[in-house]
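Written out below as structure tokens is the structure these notes cover.
The values are calculated or read from the model by the stated rules, or taken from the named source; none is laboratory data. The model shown is predicted, which means the values in this text are computed figures rather than measured ones. Cβ coordinates were reconstructed from backbone atoms using ideal geometry, including for glycine residues, and neighbour counts include every protein chain displayed. Heads up: the accessible areas ignore ligands, DNA and RNA and are worked out on the full protein's heavy atoms, side chains in. Shrake-Rupley method; radii C 1.70, N 1.55, O 1.52, S 1.80 Å.
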Amino acid sequence: MRMRRRHVFHFVVVVVGVLFAATAPARAAAAQSNAALVADLVTANHILFDQNVVDAFGHVSVRSATRPDHYLLSRNRAPGDVTAADILEFTLDSQPVTATNLPLYSERFIHGEIYRTRPDVMAIVHGHSYSVVALSAVQNARLRPLMHFAGFIGEAAPLFEIRNVAGDASDLMIRDGKLGAAVARSLGQSAMVVMRGHGSAITGTTLAQVVHRAVYAEVNARLQLDAMRAGPVTYLSPGEIRATASAPNYGRAWDFWKAQAEARRR
Ligand SMILES: [Zn+2]
């Protein structure tokens, strides 16, 4: 009996040891990939500024590789100025995991509430790019894809009307979780939501993809405004939207835009 107990004890020790040995590299790999995510997040900030998707305002985040219920986002800085030291980790309530006195983006709740409701979303851009805002204010118009890089928009991007949630005297900003949840509800299962008089929230499965989408959401909006002035517009058909929903070349665009952005920062 004593022998058997000792054997059981040894067995447990071996199993725990094997499990620990198996998970230790996994934990190290995950931590390493979070470090890689931080570097890519800094690059995403610089590209979005260089490509005129964000200016002094707007932000980009990525879901943590180690904690799916956390996300990474810069402290309150202009995207063109963001460095790795500025990246903080947040809970889905958009509270910093480590207490800080640093100023934070007031609209970070957009990110937390979308990550909460959309487990498939790994990266988010919130910006105020000008053509998207212009189109958001045109009555009876919606952002619709007319070019082959914009199929991800779907038939028409959902439009978030803040007056339905906050009345007609708000500053249009998403300053708390309740408003962030309302934006996430408007987004639904779409890839992006347009926010009337404000901007957009764009989602993706990688930083390279969400940056590509953010650049071409603005390009498509600009082209759509031009085309609407010229005459009736032919938008992508449902079949064309399906066929172009996932643009294949965003890796090439990422490398090119990264080189351009970093060269111009020197
Ligand atoms: Zn905003």
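Restricting attention to segment 53-105, which residues are farther than 28 Å from residue 260 by Cβ and of a type in the set (D, E, K, R)?
Passing the criteria: 67, 69, 89, 93.
Which members of segment 35-52 meet the condition of being closer than 16 Å to residue 216 by Cα and open to solvent by 10 Å² or more (accessible area, probe 1.4 Å)?
49, 50, 51, 52
Considering 227, 261, which residue is touching a residue at least 60 places away in the same chain (Cβ under 8 Å) and either open to solvent by 40 Å² or more (accessible area, probe 1.4 Å) or more than 25 Å from residue 136 (Cβ to Cβ) (or both)?
Every option except 261 fails the conditions.
Which condition from (1) open to solvent by 60 Å² or more (accessible area, probe 1.4 Å); (2) in contact (Cβ under 8 Å) with a residue 12 or more places away in the chain; (3) of a type outside the set (A, V, I, L, M, F, W, C) is the one that residue 77 breaks?
All conditions pass for residue 77, except number (2).
Among the strands (runs of 3 or more DSSP E) lying completely within segment 104-223, list those that include at least 1 residues that are among the polar types (S, T, N, Q), within 16 Å of the ligand (Cβ to nearest atom) and surrounded by 24 or more Cβ atoms within 10 Å (Cβ to Cβ).
199-204
For segment 101-123, enumerate the residues that are among the acidic types (Asp, Glu) and touching a strand residue (DSSP E or B) at 6+ places or on another chain (Cβ under 9 Å).
Of everything in segment 101-123, those that are among the acidic types (Asp, Glu) and touching a strand residue (DSSP E or B) at 6+ places or on another chain (Cβ under 9 Å) turn out to be 107, 120.
Kindly establish whether residue 66 is in a loop (DSSP other than H, G, I, E, B) and out of contact with any helix residue (DSSP H, G or I) (no Cβ under 9 Å at 6 or more places or on another chain).
No, not satisfied.
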